[in-house]
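For reference, the structure is listed below as structure tokens.
Please treat every number below as a calculation from the coordinates, not as lab data. Computed from a predicted structure; not experimentally measured. Ideal geometry is used to build each Cβ from the backbone, glycine not excepted, and the neighbour counts take in all protein chains shown.
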Amino acid sequence: MANPATAEAKTPPQLVVVLIRATSDANFQVIPEVFYAFKELHGEVHWEIDNTDFDFTVTFKEESPFEKREFNSTNPVSGRIRKDAAERYYAYTVVVTHKRTKHQQDNASLGKDPGGIVRG
């Protein structure tokens, strides 16, 4: 009989890709603006930026459904949803920084409100 813990560890995660589409003036769009991830599918989120002139930082505002609260260009993958994470909406902020000029733009100044919804 298979060990459920071993089977869970071998189950490939549901991978959700969130694209940060940045323009030359550091304006950006988050696609999708709200992601959906499922605990039972071992959901993970991978944030990507489409413009190599920029870096990004994602910070969950209050609580993160993942072990960490902050992700960035260097560490863009969330890991699996925590087992004790509540099934609800989680708001986060995105800051995009131009690598050369260090000009920053955040989602609030652009009128955007990205987040994620965790389901069972």
Using θ = phi - 60° and Karplus 6.51 cos²θ - 1.76 cosθ + 1.60, couplings along region 39-56 (whole Hz; Gly, Pro as x): 4, 5, 9, 6, x, 9, 10, 10, 8, 10, 10, 8, 10, 6, 7, 10, 10, 9
Test item: Cα-centred dipole of the chain, Lys/Arg +1 and Asp/Glu -1 on Cβ, debye: 160 debye
Rg and Dmax [Cα atoms of region 36-105; Å; Rg one decimal, Dmax integer]: 13.3, 43
Relative packing of 13-22, 67-76, which averages over residues the other C-beta atoms within 10 Å, highest first: 13-22, 67-76
Relative contact order of region 11-119, defined on C-alpha pairs under 8 angstrom at six or more residues apart (%): 29 percent
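Quickly estimate the mean residue ellipticity at 222 nm for the chain, helices only: each DSSP H run with n ≥ 4 gives -39500 (n - 2.57), and the total goes over all residues, rounded to 500.
Working: 1 runs with 7 residues, N = 120.
So the calculated ellipticity at 222 nm is -1500 deg cm²/dmol.
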Above-threshold pairs, the threshold being 23 Å between Cα atoms, out of 39/112; 83/112; 61/83: 39/112; 83/112
Extension reserve of the residue 87-residue 53 stretch, reckoned as 0.36 nm per residue once the Cα distance is removed: 8.7 nm
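I'm checking a number: the convex hull volume of the Cα atoms of the chain, normalised per residue, in Å³. What is it?
Values: hull volume 11.5 nm³, N = 120.
Cα-based convex hull of the chain, divided per residue, equals 96 Å³.
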